[in-house]
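Below you'll find the structure, written out as structure tokens, and then a few comments.
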Amino acid sequence: MNDQEFEDKDRVETLRIVTSQGQDVEGNLYELVGGKEFFKNLCAKFYEGVAQDEILRPMYPEEDLGPAAERLQLFLEQYWGGPKTYQEQRGHPQLRLRHQPYKINPAARAAWVKHMRAALTAQELPELYDAQMWAYLDRAATAMLNTFED
């Protein structure tokens, strides 16, 4: 499937949450959390954890994790309503296909979730934005599972 055939290629995730106190939050989450700087910091913090992780680090053959951090940053920016740089540079995300060469078992998922949770917590987002982002990140981690073997 190429970009012209991907019907949701221009879709922007919007946020609409109404709290029990009647607080209404909506809009483009990319802008609401602080744009590029937020996602750059999130991914840098995430890869600090990956760099020291015995399960995840071997999945990155590059000595420098900077390019991997930038790819994740661009993907997350696009997903949350920011620039479409990821798709312009790399095409459709095809997350499962891109992760297929790697053994992503429950232990790898748990390691990824641990570092991403720490990275997101470090950003000190308002609870509503944190919950919205975390719901997606947790689901995405589960979707990448491709084996249950150790």
Hey, could you check segment 91-136 for residues that are in contact with a Lys or Arg (Cβ under 8 Å, 6 or more places away or on another chain) and within 22 Å of residue 33 (Cβ to Cβ) and say which is surrounded by the most Cβ atoms within 10 Å (Cβ to Cβ)? 119
If I ask for residues that are under 18 Å from residue 59 (Cβ atoms) and of a type in the set (A, V, I, L, M, F, W, C), which ones from segment 77-117 would you list? 95, 97, 104, 107, 108, 110, 111, 112, 113, 116
Taking segment 102-123 on its own, how many of its residues are under 19 Å from residue 136 (Cβ atoms), more than 12 Å from the chain's Cα centre (by Cα) and of a type in the set (D, E, K, R)? 2
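Bear in mind these aren't lab numbers, they're just calculated from the coordinates by the rules spelled out. Since the model is a prediction, treat every value here as computed from it, not as a measurement. Heads up, the Cβs are rebuilt from the backbone with ideal geometry, glycines too, and the neighbour counts pull from every protein chain shown.
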